[in-house]
Amino acid sequence: MITQFRNIKRNINEDHVLTWEVFTILVLVALIFIGGITRLTESGLSITEWSPVTGIFFPLSDVSWNNEFDKYKLIPEFILMNPEMTLHQFKIIYFWEWFHRFIARFLGLVFFIPYIYFIYHKKLSRIENKFFPIILLMGIIQAFVGWYMVKSGLSENINVSQYRLAMHLSIAFLILGAIFLLAQYRYQKFIETNIGIPISYKISSYLLVGFIFLQIIFGAFMSGLRAGKSYNTWPLLDGEIIPDGLFAMTTWYLNFFENILTVQFDHRMLAYFIIILIFVQLKWMRRLSSKIIYKSTQYLFLFIFLQIVFGIFAILYQVPIYLGIIHQIGAVLVYLFALRQFFLLNLCEIKLYQAPL
């Protein structure tokens with residue numbers, strides 16, 4: 001892995017577009033990290049307005065702070081959950097929501113300004129010219145979805161909608177994955193290609209990425225429903241392998257999204273399925289002549305295993321903030337390493353050309 005990092009460092013020094021893509025990925029990962037802290041500290045509803053321009057300024061005076069606190073006092077979260085909150089406590093949760101929005105704005109600049117520059121100087125490849133406009137549109141949509149999510153907790157509900165939270169997190173991971181794969185195309189010319197790979201291996205990588213993404217979505221529902229605060233035992237769930245009450249709700253399909261027991265059960269079962277699938281892959285990839293693919297699968301197996309271990313401890317200890325953060329960053333690492341393996345198995349033979357348009 002150290003050698004791979006050294007190669008990346010050398011290659012980004014030779015390719016300014018790759019440098020930009022890697023830096024954008026790092027900022028986006030930081031944004032997901034801060035978003036996790038914002039969620040786990042229940043800071044997301046502390047800013048009750050969406051001001052794309054003036055919202056960049058952090059309150060400094062006592063008047064500004066009291067004004068923001070007065071707005072927060074009007075929403076159900078304060079009235080029903082935090083009526084004893086002090087101004088000092090409010091400043092802490094306000095900071096995390098403000099910082100999350102600030103980094104989101106910074107990410108927009110990090111992406112947009114170099115993007116315009118590279119278009120003007122015709123530095124982007126055909127595939128980048130095809131997908132970066134879509135990524136830009138997704139980023140704009142994400143900003144509106146973020147406010148749409150926050151708005152769901154400002155009127156009647158004391159929590160944001162788990163559906164909107166899942167949408168917000170899903171778009172973030174889609175953007176992250178798209179930029180990461182485009183960066184892989186640029187990095188691709190420095191690695192071995194044209195390795196004969198059985199179709200079953202390729203299909204397994206599609207399945208793995210798909211199930212990991214689905215697991216991330218269920219993780220958002222776990223967070224939105226605070227499902228990790230309940231059924232804090234393992235390996236049994238509510239004292240059973242398959243507990244009663246999985247379909248307690250009359251409308252059966254709502255159990256998958258609104259029944260805490262069912263959501264946690266599905267999250268656990270998906271984790272077990274994913275670890276079995278990556279174990280099978282590890283056996284398969286060992287047969288290939290490519291050391292890069294096998295090493296990539298080894299790292300992926302390690303991160304999936306650790307992610308499950310931290311997930312178990314998060315459940316047992318009712319998701320303390322530090323374990324929740326580790327688990328969320330673990331999801332990012334698992335996702336990126338799964339995409340890396342997916343790229344090596346399916347897309348590595350596609351050459352990158354620097355031709356304009």
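Structure above, values below:
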read-out	value
Whole-angstrom Cα spans of the stretch 281-323 along principal axes, big to small	44, 15, 6
DSSP-assigned coil residues among chymotrypsin sites (Phe, Trp or Tyr not before Pro) in the stretch 8-83, each with at most 14 further Cβ atoms within 10 Å	50, 57
Net charge dipole size for the chain [Lys, Arg +1 and Asp, Glu -1 on Cβ; Debye, nearest 20]	1660 debye
For the stretch 312-321, 3J(HN,Hα) per residue [Karplus equation, 6.51 cos²θ - 1.76 cosθ + 1.60, θ = phi - 60°, Hz, x = Gly/Pro]	5, 5, 4, 5, 4, 9, 6, 6, x, 4
Cα gyration tensor of the stretch 194-332 - equivalent ellipsoid semi-axes, whole Å, descending	31, 17, 12
Kirkwood Rh and Cα Rg combined as Rg over Rh, evaluated for the stretch 209-248	1.03
Cα convex hull of the chain, projected area averaged across orientations, nm²	20.1 nm²
Spherically averaged projected area of the stretch 1-155 from its Cα convex hull (nm²)	11.7 nm²
Amide hydrogen neighbours beyond the local backbone of residue 154, cut-off 5 Å, H modeled	none
Filtered GluC sites (Glu not before Pro), the stretch 74-165: DSSP coil and at most 11 other beta carbons within 10 Å	84, 156
Farthest positive-ward along the chain dipole, Cα basis, beta-carbon charges - from 320, 335, 198	198
Whole-angstrom Cα spans of the stretch 95-151 along principal axes, big to small	39, 19, 12
Listed residues 224, 257, 242: farthest to the positive end of the dipole of the stretch 207-274 (Cβ charges)	224
Which listed pairs, of 130/202; 151/229; 130/295; 202/295; 91/151, have C-alpha distances above 27 Å, in listed order	130/295
Charge dipole of the chain about the Cα centre (unit charges at C-beta), most positive-ward option of 297, 277, 178	297
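We did not get these values from a lab; they are worked out from the coordinates using the rules stated. Since the structure is predicted, the reported quantities are computational estimates derived from the model, not experimental observations. With ideal geometry, Cβ positions are generated from the backbone for all residues, glycine too; neighbour counts draw on all protein chains shown.
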